[in-house]
Amino acid sequence: MRDGVGITVSYWRDEESARAWKRVAEHVEAQRRGRAQWYVAYRVRVAEVVREYGM
């Protein structure tokens, strides 16, 4: 993004599913490229959805 701010959200069935994604070769390569080419810093938050609703 031009201003250097962005957000990506991903949802996983459970924590093991999220951990498994971290081991997928294409994802490992994308992380490597992101760190080398695009991101000066980043933050990961892992949270549990307790409630969801909408209209």
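The values are calculated or read from the model by the stated rules, or taken from the named source; none is laboratory data. Bear in mind that the values here come from a model prediction, so they are computed numbers and not experimental data. With ideal geometry, Cβ positions are generated from the backbone for all residues, glycine too; neighbour counts draw on all protein chains shown.
Quick look at the numbers
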quantity	calculated
Count - residues of the stretch 10-41 that are part of a loop (DSSP other than H, G, I, E, B) and either in contact with a strand residue (DSSP E or B) (Cβ under 8 Å, 6 or more places away or on another chain) or not basic (Lys, Arg) (or both)	8
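Conditions (1) at pLDDT 90 or above; (2) under 11 Å from the mean Cα position of the chain (by Cα); (3) surrounded by 10 or more Cβ atoms within 10 Å (Cβ to Cβ); (4) hydrophobic (A, V, I, L, M, F, W, C), marked per residue:
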| position | (1), (2), (3), (4) |
| --- | --- |
| 12 | yes, yes, yes, yes |
| 15 | yes, no, yes, no |
| 25 | yes, no, no, yes |
| 31 | no, yes, yes, no |
| 36 | yes, no, no, yes |
| 41 | no, no, no, yes |
| 54 | yes, no, no, no |
